[in-house]
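Engineer: Take this structure first; my questions come after.
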Amino acid sequence: MNQKILIIEDNDQNMYLITFLLRSQGFDVIQAKDGPSGIEIAKEIKPALILLDIQLPGMDGYNVAKILREDSELRSINIVAVTSYAMLGDREHAFEAGCSGYIEKPINPETFIEQISEFLPGSISEGG
Ligand code: MN
């Protein structure tokens, strides 16, 4: 069964690009456009990995990460923050909120899969 990856991202272009890159590698991609719906979907599908935009309308990504970390059933799922705010301390805030990784926008299509693969359970290299 293909690994499921949940993307929580409000920007259509970023959502499209990340979805395309992941699907081209055979992942099942599930999309959420805001924090609350992302949390609901995470509970329902228990994805292998969550890619989390930090700049979301309403509940921001830091709060989404904190809520996910407080859920005993979701605590073990890695969260990778994806953010365009390369401000000092931003990375630290993401880790403090419970993210395991941090990717800066703009997304680099040539390195993106490699960047996220270390946060996936098991290996994705079987496709060779
Ligand atoms: Mn955003």
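The values are calculated or read from the model by the stated rules, or taken from the named source; none is laboratory data. Quantities reported herein were computed from a predicted structural model and do not represent experimental measurements. Heads up, the Cβs are rebuilt from the backbone with ideal geometry, glycines too, and the neighbour counts pull from every protein chain shown. Ligands, DNA and RNA are excluded from the accessible area calculation, which covers all protein heavy atoms including side chains. Shrake-Rupley method; radii C 1.70, N 1.55, O 1.52, S 1.80 Å.
Engineer: Quick test for you: out of Pro109, Pro36, pick the one residue that is in contact with a Gly (Cβ under 9 Å, 6 or more places away or on another chain), modelled with pLDDT of 95 or more and over 18 Å from Asn2 (Cα atoms).
Structural biologist: Numbers: Pro109 fails: in contact with a Gly (Cβ under 9 Å, 6 or more places away or on another chain).
Result of the check over Pro109, Pro36: Pro36.
Engineer: Has the stretch 84-91 got any residue that is touching a Phe, Trp or Tyr at 6+ places or on another chain (Cβ under 9 Å), under 25 Å from Ile113 (Cβ atoms) and among the basic types (Lys, Arg)?
Structural biologist: Yes: one or more hits.
To keep it simple, each residue is scored yes or no on (1) at pLDDT 95 or above; (2) more than 13 Å from the chain's Cα centre (by Cα); (3) within 16 Å of the ligand (Cβ to nearest atom).
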site: Met1; (1), (2), (3): no, yes, no
site: Asp10; (1), (2), (3): yes, no, yes
site: Asn14; (1), (2), (3): yes, no, yes
site: Ile18; (1), (2), (3): yes, no, yes
site: Arg23; (1), (2), (3): yes, yes, no
site: Ile30; (1), (2), (3): yes, no, no
site: Ile45; (1), (2), (3): yes, yes, no
site: Ala48; (1), (2), (3): yes, no, no
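Engineer: I'd like the full set of residues that are touching a residue at least 24 places away in the same chain (Cβ under 8 Å) and not in a loop (DSSP other than H, G, I, E, B), limited to the stretch 14-36.
Structural biologist: Asn14, Leu17, Ile18, Leu21, Leu22, Asp28, Val29, Ile30, Gln31, Ala32, Gly35
Engineer: Give the number of residues within the stretch 25-54 that are within 15 Å of Cys99 (Cα to Cα) and acidic (Asp, Glu).
Structural biologist: Within the stretch 25-54, residues that are within 15 Å of Cys99 (Cα to Cα) and acidic (Asp, Glu) number 1.
Engineer: Looking only at the stretch 62-88, count every residue that is modelled with pLDDT of 95 or more and within 12 Å of the ligand (Cβ to nearest atom) and tell me the total.
Structural biologist: 2
Engineer: Which of the residues spanning the stretch 70-99 are in contact with a strand residue (DSSP E or B) (Cβ under 8 Å, 6 or more places away or on another chain) and either of a type in the set (D, E, K, R) or loosely packed, with under 11 Cβ neighbours inside 10 Å (or both)?
Structural biologist: Ala86, Asp90, Arg91
Engineer: Let me ask you something else. Considering (1) in contact with a helix residue (DSSP H, G or I) (Cβ under 8 Å, 6 or more places away or on another chain); (2) open to solvent by 60 Å² or more (accessible area, probe 1.4 Å); (3) within 16 Å of the ligand (Cβ to nearest atom); (4) part of a helix (DSSP H, G or I), say which one Gly58 fails and leave the rest.
Structural biologist: Tallying (1) in contact with a helix residue (DSSP H, G or I) (Cβ under 8 Å, 6 or more places away or on another chain); (2) open to solvent by 60 Å² or more (accessible area, probe 1.4 Å); (3) within 16 Å of the ligand (Cβ to nearest atom); (4) part of a helix (DSSP H, G or I), Gly58 fails exactly one: (4).
Engineer: Within the stretch 37-47, how many residues turn out to be open to solvent by less than 20 Å² (accessible area, probe 1.4 Å) and assigned to a loop (DSSP other than H, G, I, E, B)? Steps first, please.
Structural biologist: Start the filter on the stretch 37-47 by keeping residues that are open to solvent by less than 20 Å² (accessible area, probe 1.4 Å), which leaves 38-39, 42, 47.
Still in the list and also assigned to a loop (DSSP other than H, G, I, E, B): 47.
Total meeting the criteria: 1.
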